[in-house]
Structures are given as C-alpha cells and as structure tokens.
1. Just to be sure I understand the model, the point goes 7 Å from the Cα along the line to the Cβ. What's the resulting ALA118 to MET178 distance in nm?
2. By count of other Cβ within 10 Å, fewest leading, how are ILE84, ILE135 ordered?
3. Would you mind estimating how fast segment 45-195 diffuses translationally, via Stokes-Einstein at 37 °C and 0.692 mPa s with the Kirkwood radius over Cα pairs, in µm²/s?
4. For the residues HIS153, HIS184, what sequence is obtained by ranking on other C-beta atoms within 10 Å, fewest first?
Amino acid sequence: MKKLLVLTMALAVALGTVGAQDKGKGGGGKGGGKGKGFTLPPMIKLTVAGMTDGGRYPTVNAAQGPSPALSWTVVPMGTQSFVILLHDPDPVVNKNATTDVTHWMIYNIPGTATSLPAGVAAGDLADGTKQAPNITGQPAYFGPGPPAGHGNHHYTFEIWALDNKLEIAAPVTRDAVMKAMDGHVLGKGMIIGLYSNE
C-alpha cells in the first residue's frame with residue numbers, strides 16, 4: 001500500500017510538470033501560446049556591398065583584394081559591441097569535423113556602429129576595434145581563394161551583437177573570441193557568398 005501511494009504521488013508530480021511545460025510552449029492556456037515560451041531575438045540584417053545572400057562573392061574582394069564594405073540594421077537594445085567573422089566551412093582541415101578556414105575575425109566594433117568601410121586596415125583600429133589572426137596568422141582580412149576546380153565554397157559572414165566589450169588575453173585566437181562571447185550575445189545575423197576558381 002505504501003509503495004502504491006509513493007508511485008501515485010510520483011505520477012501526479014510528473015504529470016503536473018509536463019502540463020506546466022506544455023502551457024509554456026503554447027500547448028495549453030488561452031491565446032494559442034502567444035507571448036509564452038521561448039522567444040528568439042530578431043535577426044540582424046547584414047549586407048555586403050556587391051553581394052546578395054547566396055550570390056557570387058565579389059571578385060574584387062577575393063584573394064588579395066580589400067575587405068568589402070559591410071552594413072547592418074536591426075540592432076538589439078543594449079548592444080555594446082559587434083563581432084564579425086568571415087569563414088569558409090567547406091574544406092576539411094587536419095581531418096577535424098569542426099575546424100574550418102578563418103578569413104577574418106574582427107571584434108569590439110563599437111555598439112553604435114552600423115557599418116564598416118571597404119578596405120579595413122590590418123591590426124587594431126583607432127576606435128578600439130580589434131582583429132584576431134586569420135588562417136595566415138595575420139590580424140587582417142584575407143579574401144577567398146579556393147583551389148582551382150574545387151567548386152563553389154560558401155564564404156559565410158556572421159555578425160553578433162554583444163552586451164559587453166571583449167577582453168581577451170594573448171594569444172588572441174578565433175576560439176578565444178568565440179568562448180569570450182558566450183553568455184553575452186544579444187542577436188546575430190548571417191550572409192553567404194559563393195566563390196570558386198575554375
């Protein structure tokens with residue numbers, strides 16, 4: 001009898017927990033769940049000059065060319081800085097499943113900024129913006145240059161809005177920047193350009 005009572009109580013608690021979760025997901029309650037449960041922040045709209053999302057990466061900005069002009073809108077409230085990463089997820093690097101090619105990582109862009117000009121110089125900028133090393137080891141932009149005949153690579157720009165500025169001890173790496181961002185991301189955006197050397 002005692003075991004039956006304990007089992008009954010455990011079942012009642014479990015059902016109550018599931019019911020509460022369903023209501024939080026919009027599975028119960030009034031209004032079809034509007035305003036309840038998990039809400040994603042709006043996407044930041046990132047624009048690359050001379051490129052549409054899924055279109056051809058600008059040839060002028062490939063290889064040893066300058067960085068393209070970037071602009072963005074839909075900035076979350078409370079943004080203190082931005083991080084921008086350009087990477088190529090297509091190649092296999094050192095047989096790793098998660099490693100890809102870093103072409104540009106620029107961080108601590110002021111939270112009041114809504115653009116970067118074309119041809120950003122290497123190294124730290126006067127406004128406090130910093131750059132992590134790219135695949136060549138330089139703190140700078142490095143344009144697309146896939147092997148001839150390798151087909152289109154998906155050069156991916158990502159932007160994050162943060163609620164702080166990052167302080168990263170040397171040596172600064174892409175992984176260190178990404179780790180420092182955890183817990184501070186307010187919003188994100190992305191745009192992809194295709195490029196190949198046929």
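1. Rounded to a tenth, the inter-label distance reads 3.1 nm.
2. ILE135, ILE84
3. Diffusion coefficient, whole number: 210 µm²/s.
4. HIS184, HIS153
Coordinate-derived values only; no laboratory data. Given the structure is predicted, the values throughout are model-derived calculations rather than measurements. When we count neighbours, we look across all protein chains shown, and the Cβ atoms used for this are built from the backbone with ideal geometry, even at glycine.
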